[in-house]
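Inspection log for the structure reproduced underneath, given as C-alpha cells.
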Amino acid sequence: MAKKPETRFGDSIDPLLRNIPESIWFNIQQLSIRGTPDRLGCISGTFIALELKASEKDYTKGIKGIDSRTKLQQHNINKINNAGGYGTFLYPENWDEVYPVLIAISEGRWGDG
C-alpha cells in the first residue's frame with residue numbers, strides 16, 4: 001500500500017528533526033488522540049508540537065471548510081503556544097520557514113523578540 005503524501009512528508013523530515021541539537025521527538029501520527037499534533041518534541045526545554053499536512057492547500061481547506069479535525073488541531077496548537085511552547089502546522093511549503101525557528105530554539109535564540 002502506498003503511503004499518504006502526509007506520511008511521506010513526515011518520513012522526509014524526521015531525520016532532520018532528529019539531528020536538531022538538544023532535541024527529542026515522538027512520532028505519534030498514527031497513535032494519537034484526536035487533535036493531538038503528529039510530532040511532539042522538546043528542544044532545549046521548549047515543548048514543540050508539529051501538525052503535519054500534505055500541503056498548504058490541505059491546511060487552508062481544513063481551517064476554512066467544515067473540517068472539525070483541523071479546527072481542533074488549530075485549537076490545540078493555540079493552547080500550546082499560549083502555554084509557552086511552539087506549535088505550528090507544518091507542510092512542505094512552510095518547511096523553510098519553520099526549520100530555522102526550530103534551530104533558533106535549539107540555540108537559545110527563540111523568543112528574545
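Every number here is computed from the coordinates shown, using simple stated rules; none is lab data. All figures in this text were calculated on a predicted structure; none of them were measured in a lab. Methodologically, a virtual Cβ is constructed for each residue, glycine included, from the backbone with ideal geometry; neighbour enumeration extends over all protein chains shown.
In table form, for the structure just shown:
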item	result
Antiparallel DSSP beta bridges within the chain, percent to nearest 5	65
Relative contact order, percent, the chain [alpha-carbon distance under 8 Å, six or more residues apart]	26
Estimated inter-spin distance, C42 and T7, nm [label 7 Å along Cα→Cβ]	3.0
The chain: calculated mean residue ellipticity at 222 nm from DSSP helix runs of at least 4, using -39500 (n - 2.57)	-14000 deg cm²/dmol
Cα gyration tensor shape of segment 71-113, rounded if a/c is under 1.5, else prolate or oblate by comparing a/b with b/c	oblate
